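Here's the structure, in structure tokens; my notes come after.
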């Protein structure tokens, strides 16, 4: 079974499973079957069954993970394209983002702390609302466990994509701009892809929320944690 | 392609340099992203110089975090031990973010248009 530990075999497997998972989601139309989540689950089962150590897989996975940082830099392009829109509606967008960012970090940290979570877990939870590459970087910079963050972030995304619009309706938030923005703020890329399905306006505002909350959380989370005393 | 890679990696490298010089806890990639936005805004670089590469990277962003997600298998014990705080904090906080962001934006937008 030595051949299974080959980097290129493990890379091919990762691409293949992701492709299969994406096709499967398209076929079933179920948002819950997020291809990222499915691929992670299938790979963990595969590694456990074959007895391949995570460290071995990580050597192959590193080639894929490497592209996370350039991908975040690339978000500068849509941010630039949205600048006009942001400037025209600066106060409503900026203040609601700021409120969402602070509430998101403070609430998750305080609740987890009250329920007795360890420091590592609390720090890993702090950036849970923002897109995974950013969240993982924030988590790493603060001394959390990036892969724990990754798993939580995907779950949060699924939560927002599946129940987000219902929650907003219940609270009488019916404006399409506000709905899109808060879906992107709370549940990043997974929520944004759901918002895209609902319409162009929802999608554009969701991606705006995704980027802005990513930036704000990266900038503010270290200070918020310091103030709370984590 | 080479120019596209050069621009993106140069932004990232400057971000790393800034982190290394100042020791701040902001990810280098965020600094790189803001730098790219500024460069596009001041027309130092043209949109078509990065567009292809950035579209490719953004549309495949989800895939890139599969490997770090797999590392989860190393932390099953930790998650099992703290499952309740993790789930409760995450769910409550997500609902709060949705409601607070949406409500604030809807309110301020109405005021802005009055």
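The values are calculated or read from the model by the stated rules, or taken from the named source; none is laboratory data. Small disclaimer: the values here were computed from a predicted structure and weren't measured. Cβ: placed from backbone, ideal geometry, glycine included. Neighbour counts: every protein chain shown.
Taking every residue in segment B:57-81 that is on the phi > 0 side of the Ramachandran plot and modelled with pLDDT of 85 or more and pairing it with any residue that is crowded, with 19+ Cβ neighbours inside 10 Å and part of a helix (DSSP H, G or I), at least 6 positions away or on another chain, yields no pair with a Cβ-Cβ distance below 7 Å. Within segment B:5-19, can one find any residue that is facing chain A (nearest Cβ under 7 Å), closer than 16 Å to residue A:80 by Cα and part of a helix (DSSP H, G or I)? Scanning segment B:5-19 turns up at least one residue that is facing chain A (nearest Cβ under 7 Å), closer than 16 Å to residue A:80 by Cα and part of a helix (DSSP H, G or I).
Matching residues to (1) within 7 Å of another protein chain (Cβ to nearest Cβ); (2) under 19 Å from residue A:35 (Cα atoms):
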site: A:133; (1), (2): yes, yes
site: A:147; (1), (2): yes, yes
site: A:152; (1), (2): yes, yes
site: A:191; (1), (2): no, yes
site: A:201; (1), (2): no, no
site: A:204; (1), (2): no, no
site: A:210; (1), (2): no, no
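Within segment A:135-145, being under 10 Å from residue A:124 (Cα atoms) and facing chain B (nearest Cβ under 7 Å) holds for A:136, A:138, A:142, A:145.
Is it the case that some residue within segment B:70-93 is under 17 Å from residue A:68 (Cα atoms) and surrounded by fewer than 23 Cβ atoms within 10 Å (Cβ to Cβ)? Yes, some residue in segment B:70-93 is under 17 Å from residue A:68 (Cα atoms) and surrounded by fewer than 23 Cβ atoms within 10 Å (Cβ to Cβ). Scan segment A:162-182 for residues that are more than 7 Å from every other protein chain (Cβ to nearest Cβ) and buried (at least 24 other Cβ atoms within 10 Å of the Cβ) and the total you get is 1. Hey, any hits in segment A:79-95 for a residue that's surrounded by 13 or more Cβ atoms within 10 Å (Cβ to Cβ), part of a loop (DSSP other than H, G, I, E, B) and within 19 Å of the chain's Cα centre (by Cα)? Within segment A:79-95, none of the residues are surrounded by 13 or more Cβ atoms within 10 Å (Cβ to Cβ), part of a loop (DSSP other than H, G, I, E, B) and within 19 Å of the chain's Cα centre (by Cα).
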